[in-house]
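The values are calculated or read from the model by the stated rules, or taken from the named source; none is laboratory data. Bear in mind that the values here come from a model prediction, so they are computed numbers and not experimental data. When we count neighbours, we look across all protein chains shown, and the Cβ atoms used for this are built from the backbone with ideal geometry, even at glycine. Accessible surface areas use protein heavy atoms only, side chains included; no ligands, DNA or RNA. Shrake-Rupley method; radii C 1.70, N 1.55, O 1.52, S 1.80 Å.
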Amino acid sequence: MRTHADALAWVALGTELLVAQVAALDEAGMTEPSLLPGWTRKHLLAHVAANADALGNLAAWARTGVPTPMYASMEQRDADIRDGSQRPAGELATWVDGSARSLAAAMEALTADQWSAEVVTAQGRTVPATEIPWLRAREVCVHVVDLGTGLTFADLPEDFLTALGADITAKRGLGELPDGPLPDVVSYLAGRPHFLAGVPDLGPWL
């Protein structure tokens, strides 16, 4: 079972991988398609950066007790991604890095009591603030693969893949899982490219 410390460690690792991949992309590289249908790498990175800002709102909620939704509205979330995808590569890379650093600082500042405070996700779920690192870990670790720069689920820690697989299985309401290497099984569950044969297309998750 994943722990709070696990999730924080996965956030740090996923962020490090993401920032390194972004730093290697120039303007042309960022405008290439990501592995997510209809999204360029710029769309994907704008989403990841906006997600860090949004989870920072939840950290502020936990710290202050003042309800602070992740997004003003889902329409605003979509607009932020669309507008962010038009930013120059250097500006977008700065947003990705800066928003990640701000979220890390906001999480580090939370006390034990504040980590226990309840917040509400963009999907309307009421969860303890301890879920914030897990929500972020999923974003950075899955989407660094979605960048399509060569990293795959096999480059992510096995314990993260196990936790992610359990999370997706529960949310999708799946029963028996196909046999195969863990990275391929998790890629299948997440609706990403895999090498498993004879399994249905589940569609993108996250």
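Fully extending the segment from Glu16 to Arg125, taken as 0.36 nm per residue of separation minus the present Cα-Cα distance, adds 36.4 nm. For Met74, tell me the accessible area in Å² from a 1.4 Å probe, rounded to the nearest 10. It works out to around 90 Å². Of the listed residues Val66, Val11, the order by accessible area with a 1.4 Å probe, largest first, is Val66, Val11. The Cα atoms of the chain give a gyration tensor whose axes a ≥ b ≥ c have a/c of 1.5 or more with a/b no greater than b/c, which makes the shape oblate. Distances between placed amide hydrogens fall under 5 Å for Arg2 paired with no residue 5 or more residues away or on another chain. Each part gets one Cα centre, and for the stretch 152-173 versus the stretch 105-142 those centres are 18 Å apart. For the chain, the relative contact order works out to 24 percent when only alpha carbon pairs closer than 8 Å and six or more residues apart are counted. By accessible area, using a 1.4 Å probe on protein heavy atoms only, the stretch 1-58 has 62% of its surface on carbon and sulfur.
For the stretch 34-121, the solvent-accessible area works out to 48 Å² per residue, with a probe of 1.4 Å and every protein chain left in place.
Across the stretch 59-71, rounded Karplus estimates of 3J(HN,Hα) from the backbone phi angles (6.51 cos²θ - 1.76 cosθ + 1.60, θ = phi - 60°) give 5, 5, 4, 5, 6, 9, x, 8, x, 9, x, 4, 10 Hz, Gly and Pro being marked x. Under 5 Å between amide hydrogens, built in the peptide plane, is the criterion, and for Ser34 it picks out Trp39, Thr40, Arg41 among residues at least 5 positions away or on other chains. The portion of the accessible surface of the stretch 63-148 made up by carbon and sulfur, rounded to a whole percent, is 50 (1.4 Å probe; DNA, RNA and ligands excluded). Loop-located GluC sites (Glu not before Pro) across the stretch 108-206 with a Cβ neighbour count of 15 or fewer within 10 Å are Glu176, with loop assigned by DSSP.
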